Structure formats: structure tokens, C-alpha cells
Amino acid sequence: MLKSAIDLLVDPKSGTPLTLTHAVERNGEVAEGTLKGDGRTYAITNGIARLADVGDAGQRQTQESFGFKWQQQNTYTSKPVTAAFEEWEVKRYGFASAAAMRDYFGSRQRILDAGCGGGLSTGVWMKEGWQRRPDAQYFGVDISAAIDVVKSRLGHISGTQFIQADLMELPFAPGTFDTVFSEGVLHHTPSTRAALASVVKALSAGGEILFYVYVKKAPIREFADDWVREQIASLPPEQAWEAMKPLTALGQALAALKTTVAVPQDIPYLGVKAGEYDVQRFLYWHVLKLFWNDDFSFDENNHINFDWYHPRYAHRQTEEEVRTWCDELGLDIHHFDKQESGMTVRAIKRA
């Protein structure tokens, strides 16, 4: 880590300044060392400040789940996956292209990537030469071992720093960032609203937050998803990954039918609208998440189902809840994209 980046850190428990000791520098950066806070010490290893001290059991399980998932790099780095994700992400956030998204972030001064994972979502716009202003800085923060994965993938790019920390206890003073990006992470915490409040606190007045959260699905699917999660979440990640495979295979088999079903009338109490549906997609949206995309490998599809079912925390929200939270936290929404999967928001923090 650059010493200038370390100077921005505070003790995540107390908010008091941190003091660097026992520093070992390599290539002009702090590779190893100790950060002393308010009666606590934190390590710097591999150039990453390790500031995550997770007390919540459900959050520890989620930490382990995502640490495992993002280490399976062969399941999300292929061209079909990254291309599909890029198209989906760019459109949801209201950008004309990935280049326009990169120009936007490169024009910001200091960015917090709240839950960067293995860098799949960040990689859409984080490329060599991304900075459009010389002082543009990016701070990737993740609670899990994924922080080492993203550093290995994106750490060679100038202006990047990586920190292992809990979004519920961020190691930054209020108003440190003019931009917060959080793609599909806030709902993987004990409280989506509390996580949103935490990252908004780190945002300066007039700054912009961009985030995506899950939306509540049809009632049968909500029940079935919770049922499967109860069976899967208690398993070690490796076992859960294997346990997902029969469900992924069912999604594959249903997709192979290449047949449709016509729903003649709306069924409001089941969240079903009239229309013609592919059978696999009808079941996917209304009964049970069994993702399948023919362009992806089996393991790539299994990754997406594991991502949904294994983390203990995977809250779903209504549009009314998200809009209310934003207003309560002093955010003025200027872009709102709602799809069957979730809601993508861009908002400015009021002075």
C-alpha cells in the first residue's frame, strides 16, 4: 500500500487514527507492517491492510462463502461471462458503453468499491489507463479472501489500493470518498439498510453512490429460495458447491427443452403475469432459481447458483424500501433501473 493511502485509514471500531509500525517496503509501497489503533492492532500483508474483525456469525459464514467463490477464477473470467456481465452492468447503470463507464469513474477523485469481490464487476471499467485525472484513486474493499484475488487481477493498474474490511465497520473517516460503487453486495450483510447507511457515511456531500441490490421475487420463489438456502448455507463451501450441481443440472435440462408455456391470465397473488414464457425461465423467475445460460460452462452456471444460495445473508428488498432508505439517508436518486433480478440506483448525497 502507498503510505498516502494508509494515512486515510482509521480504526474501524473507534474511528481513531492508525499508526504504522514494523513496515517493510517493496517497490516504494508498504508490503508488510502493523497498524496500531485504539488498543487494537491490524496487519498489513501482501500490501493489503487487514482490518476485518467480524463478530456476527452469519457475516463470517458469508465471508467464507465469498472467499471460496471468488477463488474459483475459472468460473467467471472467461470471455462469454465477462462479456455478458459487462453488457448487463453498463446498461443497468445508464452508461452508453463500458468506455463511457470507465470515463466516468476515471473523472472522479476518490472511489470506494464497497465489496469488490474478485473484480468481476469492477473489471468492466477498471482498465489500464482508466484515470482521466491524475489524482484519481480507487480503493477496493472486501471482507473476504477475495481481496487477494482482486489484487492479483487488478493491482498492477495505477491508482488502485486494496483493503480487507467489513462494510459495516469501514476504516475511513466520514466523507472520505466522492464516489461509492457497490455492485450486489449490500444485501449480503446483516442489514441491507445498515450497510447502505455505512457506505453513505463514507461519501462526501455532493458525491455519488452507485449500487445494486436484490428485489423481492414471486412468493413461491421467495419461499423455495429460503428453503434451499437453509439446506445449503450450513455446509462448508466445497460441499455446498457440489450440492448445487444437481440444481444446476436441472436448469440445464429444462433449458434444453426449448419449449414455452402460455399463461392466459395474470395471477397477481403468485406474482405471475400473462404471457408466453420459456419453461426454464418461467420456473426460474416464479418457482426456484436454477440458472442456466447455454453460453456458459457448467461450472460457470453453477457459480451463479452457488452465489445465490450459499451465503447466509442474501436479503431481497422492495422498491418502496430502497427509495425510502435513500431519502432517509439524504440521497437524491437520479437513476433507477428495476429488473426482475434487482434494482440499480445512482444517487447524489445532499449537502
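The values are calculated or read from the model by the stated rules, or taken from the named source; none is laboratory data. Every value quoted in this text rests on a predicted model; they were computed, and no experiment measured them. Every residue, glycine among them, receives a Cβ derived from its backbone with ideal geometry; neighbour counts consider all protein chains shown. All accessible areas refer to the heavy atoms of the entire protein, side chains included, with ligands and DNA or RNA removed. Shrake-Rupley method; radii C 1.70, N 1.55, O 1.52, S 1.80 Å.
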Can you put M168, M343 in order of accessible area, largest first, using a 1.4 Å probe? M168, M343
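What's the Kirkwood radius of the chain in Å, using all Cα pairs?
Details: mean 1/r = 0.0473 Å⁻¹.
By the Kirkwood definition, the hydrodynamic radius is 21.1 Å.
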Extension reserve of the E320-K216 stretch, reckoned as 0.36 nm per residue once the Cα distance is removed: 36.3 nm
Ratio Rg/Rh [Cα only; Rh per Kirkwood] for segment 226-351: 1.04
Taking amide H positions as placed in the peptide plane 1.01 Å from N, state which residues far from E29 in sequence (5 or more) or on other chains have amide H under 5 Å from it. none
Residue-by-residue Karplus 3J(HN,Hα) for segment 145-151, coefficients 6.51, -1.76, 1.60, Hz, glycine and proline x: 5, 4, 4, 6, 5, 5, 5
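Which net charge results for the neighbourhood of A52, defined as the other residues with beta-carbon distances under 14 angstrom from its beta-carbon, given Lys and Arg at +1 and Asp and Glu at -1? Could the numbers behind the result be given before it?
Numbers: positive: K13, R40, R50, R60; negative: D11, D53, D56, E64, D142, D148, D166, E169.
Local charge sum for A52: -4.
How big is the antiparallel share of DSSP beta bridges in the chain, given as a percent to the nearest 5?
Numbers: 35 of 57 bridges.
The antiparallel proportion sits near 60 percent.
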Collect residues whose amide H, placed 1.01 Å from N in the peptide plane, falls under 5 Å from the amide H of A202; neighbours closer than 5 in sequence don't count. G175
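Quickly estimate the mean residue ellipticity at 222 nm for the chain, helices only: each DSSP H run with n ≥ 4 gives -39500 (n - 2.57), and the total goes over all residues, rounded to 500. Mind showing how you got there, number by number?
Details: 11 runs with 125 residues, N = 351.
-11000 deg cm²/dmol, from helical runs alone.
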So, with points 7 Å from each Cα along the Cβ direction, the S191-T41 label distance in nm works out to 3.4
Computed for segment 226-351: size of charge dipole around the Cα centre, +1 on C-beta of each Lys and Arg, -1 on C-beta of each Asp and Glu, debye to nearest 20, value 120
With x for Gly and Pro, the residue-by-residue ³J(HN,Hα) of segment 55-64, computed from phi through the Karplus equation 6.51 cos²θ - 1.76 cosθ + 1.60 at θ = phi - 60° and given in whole Hz, is x, 6, 5, x, 5, 5, 5, 5, 4, 5
Using Cα-Cα distances under 8 Å and only pairs 6 or more residues apart, what relative contact order does segment 72-139 have, in percent? 36
Which ³J(HN,Hα) values, rounded to whole Hz and listed in residue order, are derived for segment 35-43 from phi using the Karplus coefficients 6.51, -1.76 and 1.60 in 6.51 cos²θ - 1.76 cosθ + 1.60 with θ = phi - 60°, glycine and proline given as x? 10, 9, x, 7, x, 10, 10, 9, 8
Ranking request for peptides 135-146, 244-255, 196-207: highest mean number of other beta-carbon atoms within 10 Å first, then the rest in descending order. 135-146, 196-207, 244-255
Give me the accessible area of E238, 1.4 Å probe, in Å² rounded to the nearest 10. 110
Using +1 at the C-beta of Lys and Arg and -1 at the C-beta of Asp and Glu, which of L254, Y269, A205 has the Cα lying farthest in the positive direction of the dipole of segment 190-276? A205
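With +1 on each Lys and Arg Cβ and -1 on each Asp and Glu Cβ, how big is the dipole of the chain about its Cα centre, in debye rounded to the nearest 20?
On the way: 37 positive and 45 negative charges, 72 e Å.
Computed about the Cα centre, the dipole is about 340 debye.
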Would you please give the residues with an amide H less than 5 Å from that of I267, counting only those at least 5 places away or on a separate chain, with H modeled from the backbone geometry? V272, K273, A274
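Dipole size in debye (nearest 20) for segment 128-175 around its Cα centre, Lys and Arg Cβ +1, Asp and Glu Cβ -1? Walk me through the numbers on the way to the answer.
Working: 4 positive and 6 negative charges, 50 e Å.
The calculated dipole for segment 128-175 is roughly 240 debye.
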